[in-house]
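The structure appears right after this line, and notes come after that.
The values are calculated or read from the model by the stated rules, or taken from the named source; none is laboratory data. Here the structure is a predicted model, which is why all the values come from computation and not from measurement. Cβ placement follows ideal geometry from the backbone for every residue including glycine, while neighbour counts extend to all protein chains displayed.
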Amino acid sequence: MQAVQTKLWLLGTGGTIAGQSAVEGDNVGYTAGTVPVEALLPKGANRLLESAGLEVVSRQLAQLDSKDMTYSVWFALAEAVCAACDDPAVRGVVITHGTDTIEETAFFLAEVCRPVKPVVLTCAMRPATAASPDGPQNLLDAMAVASDERAGGVVVVTAGAVHRASSVSKVHPYRIDAFSSGEQGPLAMVEEGRIRWLHQSGEAQPSASQGSTTSKELRGGDHHPSDALRLVSQLRTGGLPRVEWVVSRTGVGPREVEQWLVDSPSEPVRGLIVVGTGNGTFHQSLVEPLKRAEAAGVLVWRTTRCTQGPIVLGSSGVDWPRVTHLDPVKARIALALCIARADCSYSAV
């Protein structure tokens, strides 16, 4: 007999959604991460919870500005998400977060935890003390998504849109609707507490036939929450492997790569993301130093600095794998996790 899901976990990490200003109505001169997460529950939350037969269990995991996000907070979140996945009484998880790095945290949790249950991150562009704060509605929408039986996987909910962890990016520094999923578009829309699904819920993954690094390969294959907990324990002990990036641009030279090859026993560079131009191509001056980096044991992946569209198939004269579906920020996290798992299988183009 299936257990009755009666709980919705609410995890707080701070951010603008929990921010306060000394001047009432100030939207920019505020301090992020000051309001406790349990105090953020908006009007209408009780009605939503009652209709879904759920109660909220809140926990403050951190209280910071997300520009200052740390790996230790990531690890604590991953452990909490794994615990929720293992608890048959939990329907889903809602995480309040700052806007600046929410896309990184969402992607990390998706790659490490691979939850079947909905894990919904939300945020705000205006502090709680704004004349018209956006946080309360975003949180209410996030709770509605986490309560929806069709929802699953890690998503970001903001400004009425539900975004996949793999595609969401912050694209504007100030406006309320500051996030985009690029050409993929949002996964769903939240309209007066109802979820209008535009695509299949959960993380949409590219197929292996695309000839590039696939999401399953990035994660090292299927695994149970206990596998995620073992990985988090390993990362707590040894840290997330250091991965840097090199941006191809006019005038770039070998030093952009060579600076990362300097011997640093305490924290050596283990991987490099080459942020290429156009279709993942890059300046010829980078080719030889990248080959030397690879010979020294540094793993090299490449993506594009274009903000829309994946890298398409085709030969560019180099064999480094193309991460066709990830932007540079997420590609860096993916490569670091592959190195941590000692399983960097990929299908090179």
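Checking the conditions here, which among ARG322, ARG332 is of a type outside the set (Ser, Thr, Tyr), crowded, with 21+ Cβ neighbours inside 10 Å, under 27 Å from LEU235 (Cβ atoms) and at pLDDT below 90?
Numbers: ARG332 fails: at pLDDT below 90.
Only one candidate passes the filter, namely ARG322.
Examine region 50-61 for a residue that is in a helix (DSSP H, G or I) and surrounded by 14 or more Cβ atoms within 10 Å (Cβ to Cβ), and state whether such a residue exists. Before you say what the answer is, go through the steps one by one.
Step one: filter region 50-61 for residues in a helix (DSSP H, G or I), giving 50-52.
Add one more test, that the residue is surrounded by 14 or more Cβ atoms within 10 Å (Cβ to Cβ), and what stays is 52.
Yes, some residue in region 50-61 is in a helix (DSSP H, G or I) and surrounded by 14 or more Cβ atoms within 10 Å (Cβ to Cβ).
Give me the residue from region 299-319 that is modelled with pLDDT under 90 and hydrophobic (A, V, I, L, M, F, W, C) and, out of that set, surrounded by the most Cβ atoms within 10 Å (Cβ to Cβ).
Restricting to residues being modelled with pLDDT under 90 and hydrophobic (A, V, I, L, M, F, W, C), the top hit is ILE311.
Please specify each residue of region 145-168 satisfying the condition of being surrounded by fewer than 17 Cβ atoms within 10 Å (Cβ to Cβ) and assigned to a strand (DSSP E or B).
The answer is none; no residue qualifies.
Every residue, every condition in (1) surrounded by fewer than 17 Cβ atoms within 10 Å (Cβ to Cβ); (2) among the aromatic types (Phe, Trp, Tyr); (3) modelled with pLDDT of 95 or more, yes or no:
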| position | (1), (2), (3) |
| --- | --- |
| LEU40 | no, no, yes |
| LYS43 | yes, no, no |
| PRO88 | yes, no, yes |
| THR96 | no, no, yes |
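Note down all Cβ pairs under 7 Å where the first residue falls in region 7-34 and is of a type in the set (Asp, Glu), the second is part of a loop (DSSP other than H, G, I, E, B) and surrounded by fewer than 22 Cβ atoms within 10 Å (Cβ to Cβ), and they're at least six residues apart or on different chains.
Listed pairs, sorted by first residue: GLU24/THR129.
Let me confirm something: among GLU50, GLU38, GLU79, GLU55, which residue is closer than 17 Å to VAL120 by Cα, free of Cβ contacts under 8 Å to residues at least 40 places away in the same chain and not polar (S, T, N, Q)?
Details: GLU50 fails: closer than 17 Å to VAL120 by Cα; GLU79 fails: free of Cβ contacts under 8 Å to residues at least 40 places away in the same chain; GLU55 fails: free of Cβ contacts under 8 Å to residues at least 40 places away in the same chain.
Only one candidate passes the filter, namely GLU38.
Just to check your reading of the model, which residue among VAL262, VAL323, VAL298, VAL269 is farther than 30 Å from CYS113 by Cα and either in contact with a His (Cβ under 7 Å, 6 or more places away or on another chain) or not basic (Lys, Arg) (or both)? Let's see the steps before the verdict.
Numbers: VAL323 fails: farther than 30 Å from CYS113 by Cα; VAL298 fails: farther than 30 Å from CYS113 by Cα; VAL269 fails: farther than 30 Å from CYS113 by Cα.
Result: VAL262 is the single residue among VAL262, VAL323, VAL298, VAL269 that is farther than 30 Å from CYS113 by Cα and either in contact with a His (Cβ under 7 Å, 6 or more places away or on another chain) or not basic (Lys, Arg) (or both).
Out of (1) modelled with pLDDT of 95 or more; (2) out of contact with any Phe, Trp or Tyr (no Cβ under 6 Å at 6 or more places or on another chain), the odd one out for SER201 is which?
(1)
Considering region 236-253 alone, what residues qualify as being part of a loop (DSSP other than H, G, I, E, B) and surrounded by 15 or more Cβ atoms within 10 Å (Cβ to Cβ)? Steps first, please.
As a first pass, look at region 236-253 and keep what is part of a loop (DSSP other than H, G, I, E, B): 239-241, 248-253.
Once the filter is applied, which keeps residues that are part of a loop (DSSP other than H, G, I, E, B) and surrounded by 15 or more Cβ atoms within 10 Å (Cβ to Cβ), region 236-253 yields LEU240, PRO241, SER248, VAL252.
Only one of these conditions is not met by LEU121: (1) out of contact with any strand residue (DSSP E or B) (no Cβ under 9 Å at 6 or more places or on another chain); (2) surrounded by 24 or more Cβ atoms within 10 Å (Cβ to Cβ); (3) not aromatic (Phe, Trp, Tyr). Which number is it?
(1)
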